[in-house]
Amino acid sequence: MAKKLPYFSKASLLLLIQLLAIQSGSFTNAERIPEISKSLKDLEESQKGQTVQGLREVKHYLNKYGYLNYEYSNNFEEDEFDEAMEIAIKAYQTFFHLKVTGKLDIDTIKQMSIPRCGVPDIMNGSVAQPQFSFIPGKPIWPFNKHNLTYAFVSSTGPNVNVHQMKAAGSYAFREWAKISNFTFELTGDVGNADLILGFHRGEHGDGLPFDGPGGHLAHALPPTNGRLHYDADENWTVGNTVSRNQIDLRGVSLHEIGHLLGLGHSQNESSIMYPSIKEGQKKRGLSSDDVDGLQSLYSSS
Ligand SMILES: [Zn+2]
Ligand SMILES: [Zn+2]
């Protein structure tokens, strides 16, 4: 005889099972990778030797962030999971401290869906560092150039106002000034500013197009270029409270200024130079890894 279920009717039990199935399922819409249009569900668990429609876009993603280089092959435009892709996925999993399977497993796909900086993790074939890293060639600002001026020039409006944008920038510059010989000064003389910060949307003229909400959040160029671009389509906030669907403009500014000064990405998750930042995640201040990185860059060159 079937046991009686005192608290649930059959219908509500069925609903509960369905809800649990949805929750324990692999993906939600929020875990979509903006840079990859294919349904992630279809790509999950794909591995070497398989051909799955959409793998081509994952290759583009891995290539964009420095993990995959197809200089001498036309496989870049194929949906085939080849050996180079497996090597790239292993390098990606190593960087983000995931289990190194070489497969497109759920943890790897979830990591790819976290918003991040557009600057590659690996540049010119350099090996990713366990801690801070430099931009290849170690570009730095000259030693007689430690007073840097900055200005804001945007081609489109973000969801934060000019005052909030300036407050976030000034906070982030102050943090870097505390641990270095640099001083940063806002200038109205845009033509002569050393650093230009601004919000842009989609393709904006530097070959590093933005991708709408999520995914690629911002990028900055190494010394002495001085350009820092934010994706105007993100749901930015400058507040002390960062809600679940918001991106922390102060934290991202801290990160991008690190690039302006010559730092690359760090695998150290507590470092401000770690490449990804979750929606709702708040990052404030520099870690010892960031401080060591900048001080080492400007003392050893
Ligand atoms: Zn970055
Ligand atoms: Zn740009």
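Being free of Cβ contacts under 8 Å to residues at least 60 places away in the same chain and buried (at least 22 other Cβ atoms within 10 Å of the Cβ) is the filter here; which residues of segment 267-293 pass it?
Listed by number, the residues that qualify are 272, 274.
I'd like the full set of residues that are of a type in the set (Asp, Glu) and outside any strand (DSSP E or B), limited to segment 137-189. Break it down into steps so the answer makes sense when it comes.
Looking only at segment 137-189, we keep the residues that are of a type in the set (Asp, Glu), and these are 175, 185, 189.
Listed by number, the residues that qualify are 175, 189.
Looking only at segment 108-117, decide whether some residue is basic (Lys, Arg), more than 22 Å from residue 237 (Cα to Cα), away from ligand 1 (no atom under 16 Å from the Cβ) and modelled with pLDDT of 95 or more. Give the derivation first.
In the first step, residues of segment 108-117 are kept if they are basic (Lys, Arg); the result is 110, 116.
Right, trim to more than 22 Å from residue 237 (Cα to Cα) and you get 110.
Next cut, away from ligand 1 (no atom under 16 Å from the Cβ) only: 110.
Checking which are modelled with pLDDT of 95 or more leaves us with none.
Within segment 108-117, not a single residue is basic (Lys, Arg), more than 22 Å from residue 237 (Cα to Cα), away from ligand 1 (no atom under 16 Å from the Cβ) and modelled with pLDDT of 95 or more.
Could you check segment 229-244 and list, in sequence order, the residues that are closer than 23 Å to residue 113 by Cβ and surrounded by 18 or more Cβ atoms within 10 Å (Cβ to Cβ)? Full working, then the answer.
Step one: list which residues in segment 229-244 are closer than 23 Å to residue 113 by Cβ, which gives 229-237, 242-244.
Passing the criteria: 229, 230, 231, 232, 233, 234, 236, 237, 242.
Which one of these does residue 160 not meet: (1) surrounded by fewer than 17 Cβ atoms within 10 Å (Cβ to Cβ); (2) under 29 Å from residue 65 (Cα atoms)?
All conditions pass for residue 160, except number (1).
Out of segment 63-88, which residues are crowded, with 22+ Cβ neighbours inside 10 Å, closer than 21 Å to residue 135 by Cα and of a type outside the set (Ser, Thr, Tyr)? Spell out how you get there, then give the answer.
Taking segment 63-88 first, the residues crowded, with 22+ Cβ neighbours inside 10 Å are 65-68, 81, 85, 88.
From the residues that got through so far, the ones that are closer than 21 Å to residue 135 by Cα too are 65-68, 88.
Selection gives 66, 68, 88.
I need the full set of residues from segment 114-136 which are on the phi > 0 side of the Ramachandran plot and either in a strand (DSSP E or B) or touching a Pro at 6+ places or on another chain (Cβ under 6 Å) (or both), in order please.
Here is the first cut: in segment 114-136, the ones on the phi > 0 side of the Ramachandran plot are 124-125.
Of everything in segment 114-136, just one residue is on the phi > 0 side of the Ramachandran plot and either in a strand (DSSP E or B) or touching a Pro at 6+ places or on another chain (Cβ under 6 Å) (or both), namely 124.
Yes or no: residue 288 within 14 Å of ligand 1 (Cβ to nearest atom), at pLDDT 95 or above and among the polar types (S, T, N, Q)?
Working: within 14 Å of ligand 1 (Cβ to nearest atom): no; at pLDDT 95 or above: yes; among the polar types (S, T, N, Q): yes.
It is false that residue 288 is within 14 Å of ligand 1 (Cβ to nearest atom), at pLDDT 95 or above and among the polar types (S, T, N, Q).
In the list 226, 251, which residue meets the criterion of being within 14 Å of ligand 1 (Cβ to nearest atom) and either more than 21 Å from residue 192 (Cα to Cα) or surrounded by fewer than 20 Cβ atoms within 10 Å (Cβ to Cβ) (or both)?
Selected residue: 251, the only one of 226, 251 that is within 14 Å of ligand 1 (Cβ to nearest atom) and either more than 21 Å from residue 192 (Cα to Cα) or surrounded by fewer than 20 Cβ atoms within 10 Å (Cβ to Cβ) (or both).
Checking residue 186 against (1) more than 9 Å from ligand 2 (Cβ to nearest atom); (2) within 18 Å of the chain's Cα centre (by Cα), which test does it fail?
(2)
Looking at (1) more than 16 Å from ligand 1 (Cβ to nearest atom); (2) in the same structural domain as residue 68 (by TED's automatic domain parsing), which one does residue 156 not meet, given that it meets all the others?
Status for residue 156: all satisfied but (2).
How many of the residues in segment 183-223 are of a type outside the set (A, V, I, L, M, F, W, C), surrounded by fewer than 18 Cβ atoms within 10 Å (Cβ to Cβ) and in contact with a His (Cβ under 9 Å, 6 or more places away or on another chain)?
3
Name the residues in segment 89-133 that are among the hydrophobic types (A, V, I, L, M, F, W, C), farther than 26 Å from residue 42 by Cβ and crowded, with 19+ Cβ neighbours inside 10 Å, would you?
Taking segment 89-133 and keeping what is among the hydrophobic types (A, V, I, L, M, F, W, C), we get 89, 91, 95-96, 98, 100, 104, 106, 109, 112, 114, 117, 119, 122-123, 127-128, 132.
This time we only want the ones that are farther than 26 Å from residue 42 by Cβ, so: 117, 119, 122-123, 127-128, 132.
Within segment 89-133, 117, 119, 122, 128, 132 qualify.
Is it the case that segment 76-87 has a residue that's modelled with pLDDT of 90 or more, out of contact with any Lys or Arg (no Cβ under 7 Å at 6 or more places or on another chain) and of a type in the set (A, V, I, L, M, F, W, C)?
yes
The values are calculated or read from the model by the stated rules, or taken from the named source; none is laboratory data. If you're wondering where the values come from, they're calculated on a predicted model, not measured in any experiment. A quick note on method: Cβ atoms are made from the backbone with ideal geometry, for glycine too, and the neighbour counts reach across all protein chains shown.
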